[in-house]
1. Run the numbers for Y302 and N263: contour at 0.36 nm per residue of separation, minus the present Cα-Cα distance, in nm.
2. Using only Cα atoms, locate the centre of region 275-314 and the centre of region 109-169, then give the distance between them in Å, rounded to an integer.
3. On a 0 to 90 degree scale, rounded to 10, what angle separates helix 143-156 from the longest Cα axis of the chain?
4. Could you do me a favour and compute the accessible area per residue for the chain, 1.4 Å probe, result in Å²?
5. Between beta-carbons, use under 13 Å as the cut-off and find the net charge around K339, counting Lys and Arg +1, Asp and Glu -1.
6. Rounded to the nearest percent, how much of the accessible area of region 1-100 (1.4 Å probe, protein heavy atoms only) is carbon and sulfur?
7. In region 136-160, whose amide N lies under 20 Å from the spot 7 Å out along Cα-to-Cβ of I371? List them in ranges.
8. Highest first, please rank the peptides 256-265, 67-76 by the mean number of other Cβ atoms sitting within 10 Å of their residues.
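The values are calculated or read from the model by the stated rules, or taken from the named source; none is laboratory data. A quick note: this is a predicted structure, and the numbers were derived from the prediction, not measured. Cβ atoms come from the backbone with ideal geometry, glycine included; neighbour counts cover every protein chain shown. Note: accessible area is taken over every heavy atom of the protein model, side chains too, but ligands, DNA and RNA are not part of it. Shrake-Rupley method; radii C 1.70, N 1.55, O 1.52, S 1.80 Å.
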Amino acid sequence: MAITDKNDGFDFSSLLSPYATKNNICAFTKALSENPISSLLLNKSKLNEETLLNCYKDLRPNERDYILFRFDKEEEKLGKSLLHFGGGFYILDPSSAAISYYLAPLLKPNPLVIDLCAAPGGKSIALSLRREDAVIIANDISYKRALEITKNTDRLGLSSIYSLALDPVRLEVEPVFDLVILDAPCSGSGMIRKDSKMKEDWSKEKVDRLLPIQDDLLEKAVSLTKEEGIIAYSTCSLSVEEDEERVAKILKKHPELEMIAVNVSSDILKGRKNIGYHLVPGIYQGEGIYFCFLRKTKGSSYQAHEIKYKKKDDKSRLNVFSYKKNEYLLTRMYDEISKLPFIAPGIKINDDTDHPKCPYDHAYSKVSQSIPTLELETKEALDYVQGNEIRTDSQNKDGLVILTYRGLRLGFGKKRGVRIKNYLPKGLRANLLG
């Protein structure tokens, strides 16, 4: 006998009725039988658009969002590509990417940001790719999931995202943030097309169980936001209980908060009573996401104090920050956050493991400007990523080199004559498709 989904009988389109038209609901229902839509965000500091499009002919550029490209993941296995491994782009659902698209222009120069529930880092990374001047603390309550933030930011060579693993409700920091990102834990009803487990796991009881957690996190977000700062609240839920009602409740409790109106595209639905915005499959080319931006009109005008650095990496123009017996390259650090127990405050410089083959941490290969690079052909690059030794006819001097592919930095190696010894950490080695 076939095993059926416990929610096969539930009509998820009913969740849209408070804010969607009949035509919207019909489009959503039809879309549930279609494949989810994937996209990538181009890391323009590492890879140019021309190279990307030359490698992948079927990418679909976005008219408004210049770094977003949609693709069919059944046709293009981009997560298994050398360009992905080298940090040329980050794969993210287009609906999730839309939040940072609308948020980035609202921020003042050099904003200090905290992402309370960040893992695996998508919204922090998306904002960083749009606003290189932002310093972002990407936090997650799960240490294991927070490690994924570090892996992703290291791969992309992002020195302005600092990973952290604390319970956000218990996070004690002065209200110094220009932006607090809260992608709240939710029932996941917006992701039922993308992930069948979300459909199986959904229930009204789950929604009700998560509401107080969402309220507590919104309260924390308010406490961390400075005057004129912004709270970006989002969920991957279609339910007004988790979306508009949570925002309405926090607005009623905190009159110093006001909603920010956003000039969204016509394929994005306004929330019930015009509270926030819904991106719905079948109407928007992505999965189900809700977002709302709030500004804190009154509160602390406390200005964070940038620390003084003992030294600077001249060629990369990044600051050197000493932390836990190691050094990290970062954009800026502030007194008010410098004592947090970071996993990685920026790009780690030295390999502090026992008996390292290479004196430097793998992440440093992404930003170092003092070590010579050596460009590899496709087959050589695939061999390197698998952990193999490489033969070369390069005229580079013997010694430590950074191996590159199409200009993207793959990692360290040591050249000795016609051979290059592989220094790629075993945990990063992979069989890629090219």
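1. Working: separation 39, 0.36 × 39 = 14.04 nm, distance 3.02 nm.
In short, 11.0 nm is gained.
2. Cα centroid to Cα centroid, the span is 11 Å.
3. Long axis of 143-156 versus the principal axis of the chain: about 60 degrees.
4. Details: 20090 Å² over 434 residues.
Ligands and nucleic acids excluded, the result is 46 Å² per residue.
5. Details: positive: K324; negative: E172, E174, D335, E336.
Combined, the nearby Lys, Arg, Asp and Glu give -3.
6. Numbers: 2580 of 5220 Å².
Taking all protein chains in place, region 1-100 shows 49 percent carbon and sulfur surface.
7. Flagged as within label range: 150-160.
8. Numbers: 256-265: 14.0, 67-76: 16.7.
Final packing ranking: 67-76, 256-265.
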